[in-house]
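Notes for the one structure printed next.
What follows is calculated from the coordinates using simple rules that are stated; it is not laboratory data. No experiment lies behind these values; they were computed from the predicted model shown. Every residue, glycine as well, gets a Cβ built from its backbone with ideal geometry; the counts of neighbours run over all protein chains shown.
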Amino acid sequence: MRWRVSLSILAVLCFGAMLTLFHKPSYEREKIERSAGPTGAPEGRYNQQLWWIPVGGTAGKVLLETMVYSPSGTGPFPLVTINHGKPAPGSNLQFIRPDYETAAHWFVDRGFMVAVPLRRGYGRSEGVESDMVGTCATLNYVATSEQTATDIEGVIEFLATQSMVDANNIVVVGHSHGGFGALGVAAGNPKGVRGIINFAGGTGSWGLFNAMQWPRRIVQGRLCNGRQNLLSALGQLGERNSLPQLWLYAANDTTFDPELAQAMLKAYRERSRFPITFVTLPASQEGGHNIIAQGDPSSWAPSVDRFLQTLRIPGYHAAN
């Protein structure tokens, strides 16, 4: 009799454990309290603080998860936004978090307030991923750049209303797909934006992320919808460019290798009425494409400092 009671108790405990396992709130179901503006108090030397930034759209406002860093004081400070890349189509985006902490610190040390937003559909940002127009096989490069720029511009528009931001002195930094989106910002003559810093900018080169892509790659090559469509789009974006820019690509970037980077530069620069400075950064041991996210800014800091000096931004100063 006792063994039957013991088995019953064990069964109840196991069932309870299973309920706990399968009904434990997952990240997908986590309830997040969001409201426009900052959350909690700034923390640490760089006043790190989570913000929820509202950006517009045809379906109404959505809130973007954004990490903000700033110098001490009330400002107003010139603003830098750092805009992230894009993993291969089909990747799980919800576990992405705002990155580029070391780069953000570098800019704060030079007098900037820094915002690192996640576009809609990424991480804990609201909305549906919408920074790619078409499939890989049909990718519309110009529309993709413009669509990606929508969230970047929305973040700028909101932060420009904050008293601690100098709305007339804004620099847009973009990495990879975020750099391609920054070209969309430059094509729109945005109010208050003084320059673009493009780290390994581009899109449509995600490697062989799906074996089913072999037939397409045989026909179109390594780049989504073909290399010529990418270069043609860069020419169109360059013709509409309204800002001075700095482009930085590492010598061992395998996503946009040196030959492709030069072809992209040529297509863009030939049509641009504003200066484009191109810098080849030394090879990185961790892989050149992610050089801005790898922690050590020493390879790119001198070039970025020189570019910022040319913009003559009030409040900017070279760090000691």
**Study point:** Distance between the range 59-93 and the range 253-305 - C-alpha centres, whole angstrom
**Key:** 21 Å
Exercise for review: Can you tell me which of 297-309, 81-93 comes out highest on packing, and rank the rest after it, using the mean Cβ neighbours within 10 Å?
Suggested key: 81-93, 297-309
Revision key, fill the gap. With label points set 7 Å from each Cα along the Cα-to-Cβ direction at residue 236 and residue 296, the distance between them in nm comes to 4.1 nm
Revision key, fill the gap. Expected sort for 126-135, 169-178 on mean C-beta neighbours within 10 Å, highest first, is 169-178, 126-135
Review point. Hey, fewest Cβ within 10 Å first, where do 136, 224 land in order?
Key: 136, 224
Review point. Size of the range 39-311 along its principal axes in angstrom, Cα-based, largest extent first?
Key: 56, 39, 36
